[in-house]
Amino acid sequence: MSNERFEWIELAQPTPKAPVKPSKAPETVVGKRCPQCGWLDDETTLQCLRCGYRYNVDYAMAGRIEQMGVTLPPRLIETDQSLENFLRTYGRIRLPETLDLFQLRQRGLALQLSQGFDRLLCLDEIAVEHYQHQIDAALRALHEMRGRALLADEVGLGKTIEAGIVMKELIQRGLARTVLVLTPASLTEQWREELLTKFGEEFTVLDTLTQWEQVNNAGEGRWIVSLDRAKLSHHSEQALAREYDLLIVDEAHKLKNRTTLAWRFVNQVRKRYVLMLTATPVQNDLIELYSLITILTPGQLGTVRAFRRNFVEQSDPRHPKNPASLRRLLNDVMIRNRRSKVDIQFPKRQAAIYHLELSEAEWTLYREVTEYIRRRFRDGDSNKHLRLTLVILQKELSSSPQALAATLRKMVEDRAHGDGVRAELRRFLALAEAIPLSRKVLAVRELVNQYPGQFLIFTEYRETQAMLERQLRNWGISTVGFHGGLDIAQKERAVTAFRDGDVRVMVSTESGAEGRNLQFCHQLINYDLPWNPMRVEQRIGRLHRLGQAHDVTIFNLSCNETIEAHVIDLLARKIRMFELVIGELDMILGNLEGNKSFEDLLREAWEGSADDADFAERMAALGDLLARARRDYERVRENNELLDQELEGA
């Protein structure tokens, strides 16, 4: 009897509202408009910095120019070299352009850029949809907080975008030539990609001590490093050897304890501007908030003893005493937007699991290769390279016979394997090559035929992607492929064909989950599942994002009694990731015991299992761990919501 079934996952989520279109901040007119070219000049400017038009000026204003430090070129001043005579002679007359006048105008423009933050100059230079609350946050961080701010928006509201806008503004104004970003190790590449694609700034990810030497010898630069690496003694010594114009710290709640090595390291970094990002500034009690603020502006909240006496309830350290006074102090350094206060709604998610039964040939291949992998892992001569290859084999088993066959061919050709091992690998290769159509491929056809509209299909492997693309076309389904081997022009043509409706299906490898917004499509098929849930979230994020006009449907293919079935069960039922807001999965997985990643824990459970029953027990234990991490996050979220309510009610 077949165990195949189609299961919709019930998600706890509010009824969605129509998505709000992004809007740019209205221009704040400060200064004076040039009547000749329309350029907005500062009030103190003597002539238009774009076209050279001379404004009517008085001597009081000229005195303000002198106080700003602008020295007028001597050759433009009359024989007595007086500012008064210069203004009387040239104040209302257009003169031919000279080098001295050009240099004066250039100096005036530099002063205009650096003297205030009443408006943002960088918005036309960034490739990201920005929303009004993000613009307001960036302006507050620059204008009111002088570039030292705790960005504490609730999850999903774009703290990274706010930090990027502040960074870009400081760079464009010439105020930030050196930028250091500290993030969790798992997010270094994500930060590098976003800062490049959205803000046009190229960052180097620092991994070695040699790179630090280059940092300390550079006059300017942009760098990203994991906090766990940077705090190590040899790395921290190099990192602390210079000053940075801007320091950005992601997941700043990890600095909640002032006695930790991480907190002491970040506190010692010499920085002119600093942005700290966290959705949960309070984990357990208000003293943790004190620790974060102390890095930003030491003394803002007084001594720790005075803060505890004046602002922390002894009976419950989560509750503030004198909330009105605390709110006034926090408003000087912390920006916190809440989803209930921001007019932005994400579209609804719908998720389903298609439980599939492997064919007899597929099940034979899966069982025998899995047994071989377990046996080789227990061999005393298995080295690191072999173990990595075995992990890849196990993942490919859940993808397609074609992906598995590609790796088996390489192993058969490798003379490092003995004759007996290579003979066994040839037998597996023959089994894989004898399966032209897997159950998953047929499931894709069933879904595409049953549900109208376009589909984005994700797979981890190039061989699977090519097979799917070829098979769908054979069935008469218009399809385009997307993978890392395409050049820029080919990628653009593929996305354009998909966006314009010329093709119905795009089959993409993981490279399609990087930097591409595909919200014109609203149906996604996870053909295979990465062992890293964050990569699953990145896939979904290509469609489920602000600007999506439809509910997003996610179909997850899962073959019974495989590792993949265990993974989807953990994601759907223990973490409940399909009902999370973007960013919440980060916070849950970032608090796993032992500071290990989900992928590490999954691999350890699989590698250490003797058989399927043992593996099932280990996965049950991992599920309990994930459920506990989810509960811990919900408790922390409730603590912050409680603080929000008490401060708002003050």
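Net charge near LEU358: determine it from the other residues with C-beta under 12 Å of the C-beta of LEU358, scoring Lys and Arg +1 and Asp and Glu -1. Residues close to LEU358 contribute a combined charge of -3.
Taking only the Cα atoms of the stretch 243-327, the ratio Rg/Rh comes out at 0.98, with Rh defined as the Kirkwood radius.
If contacts are Cα pairs under 8 angstrom and at least 6 residues apart, what is the relative contact order of the stretch 171-275 in percent?
Working: 152 pairs, mean separation 34.9, N = 105.
Reported as a whole number, the value is 33 percent.
Kirkwood hydrodynamic radius computed over the stretch 559-618 comes to 12.6 Å, based on all pairs of distinct alpha carbons.
Convex hull volume of the C-alpha atoms in the stretch 335-384, normalised per residue: 205 Å³.
Full extension of the chain between ALA241 and ASN284 yields a length gain of 12.1 nm, computed as 0.36 nm times the residue separation minus the alpha carbon distance. Sites listed here are GluC sites (Glu not before Pro) in the stretch 365-430 whose DSSP assignment is loop and whose Cβ has at most 10 other Cβ atoms within 10 Å, and the list is empty.
Accessible surface ranking for SER511, SER186, 1.4 angstrom probe, highest first: SER186, SER511.
Short-range pairs are left out: with C-alpha atoms under 8 Å and at least six residues apart, the relative contact order of the stretch 266-388 is 15 percent. Computed from label points 7 Å out along Cα-Cβ, the spacing between LEU11 and SER325 is 4.6 nm.
Assuming 1.306 mPa s and 10 °C, estimate D for the stretch 468-547 with Stokes-Einstein, Rh taken as the Kirkwood radius over Cα pairs, in µm²/s.
Numbers: Rh = 13.2 Å.
Stokes-Einstein gives a translational diffusion coefficient of 120 µm²/s.
Which shape class applies to the stretch 265-373: rounded if a/c is under 1.5, otherwise prolate when a/b exceeds b/c and oblate if not, where a ≥ b ≥ c are the square roots of the Cα gyration tensor eigenvalues? Prolate, since a/c reaches 1.5 and a/b exceeds b/c.
Both radii are taken from the alpha-carbon atoms of the stretch 489-529; with Rh as the Kirkwood radius, Rg/Rh is 0.93. With 0.36 nm allotted per residue and the present C-alpha distance subtracted, the HIS143-GLU189 stretch has 13.5 nm of extension available.
Pairs of alpha-carbon atoms within less than 8 angstrom and 6+ residues apart define the contacts here; what relative contact order does the stretch 467-580 have, in percent? Walk me through the numbers on the way to the answer.
Numbers: 126 pairs, mean separation 23.1, N = 114.
Normalised by residue count, the contact order of the stretch 467-580 is 20 percent.
Determine the alpha carbon to alpha carbon distance for each of LYS231/LYS254; LYS395/LYS596; LYS159/LYS348; LYS395/LYS440; LYS440/LYS491 and list only those over 18 Å. Result: LYS395/LYS596; LYS159/LYS348; LYS440/LYS491 exceed 18 Å.
Length available on full extension from ASN257 to LEU437: 0.36 nm per residue minus the Cα-Cα distance, which gives 59.3 nm.
Which value in Å does the Kirkwood hydrodynamic radius of the stretch 340-481 take, with 1/r averaged over all unlike C-alpha pairs and then inverted?
Details: mean 1/r = 0.0573 Å⁻¹.
One decimal place: 17.4 Å for the Kirkwood radius.
Near LEU472, once Lys and Arg are set to +1 and Asp and Glu to -1 for all other residues with Cβ below 12 Å from its Cβ, the sum equals +3. Any chance you could check the Cα centroid distance between the stretch 235-272 and the stretch 442-499 for me, in angstrom? Each part reduced to its Cα centre gives a spacing of 45 Å.
Compute the accessible area per residue over the stretch 398-516, keeping the other protein chains in place, probe 1.4 Å, unit Å². Before the final figure, lay out each step's value.
Working: 5320 Å² over 119 residues.
About 45 Å² of surface per residue is accessible.
HIS133 contributes an accessible area of around 20 Å² to the protein surface, as traced by a 1.4 Å probe with all chains present.
When a/c reaches 1.5 or more, the comparison of a/b and b/c decides; with that in mind, is the stretch 317-362 rounded, prolate or oblate per its Cα gyration tensor? Mind showing how you got there, number by number?
Details: a/c = 5.27, a/b = 3.09, b/c = 1.70.
It comes out prolate by the Cα gyration axes.
Ratio of the stretch 152-201's C-alpha Rg to 2.2 N^0.38 Å, to two decimals? Let's see the in-between values first.
On the way: Rg = 11.4 Å, N = 50, 2.2 N^0.38 = 9.7 Å.
Output field value: 1.17.
The values are calculated or read from the model by the stated rules, or taken from the named source; none is laboratory data. What you are looking at is a predicted structure, and each value in this text was computed from that prediction instead of being measured. Reconstructed Cβ throughout: ideal geometry from the backbone, glycine too, with neighbour counts over all protein chains shown. Protein only, heavy atoms only, side chains kept; ligands, DNA and RNA dropped before computing areas. Shrake-Rupley method; radii C 1.70, N 1.55, O 1.52, S 1.80 Å.
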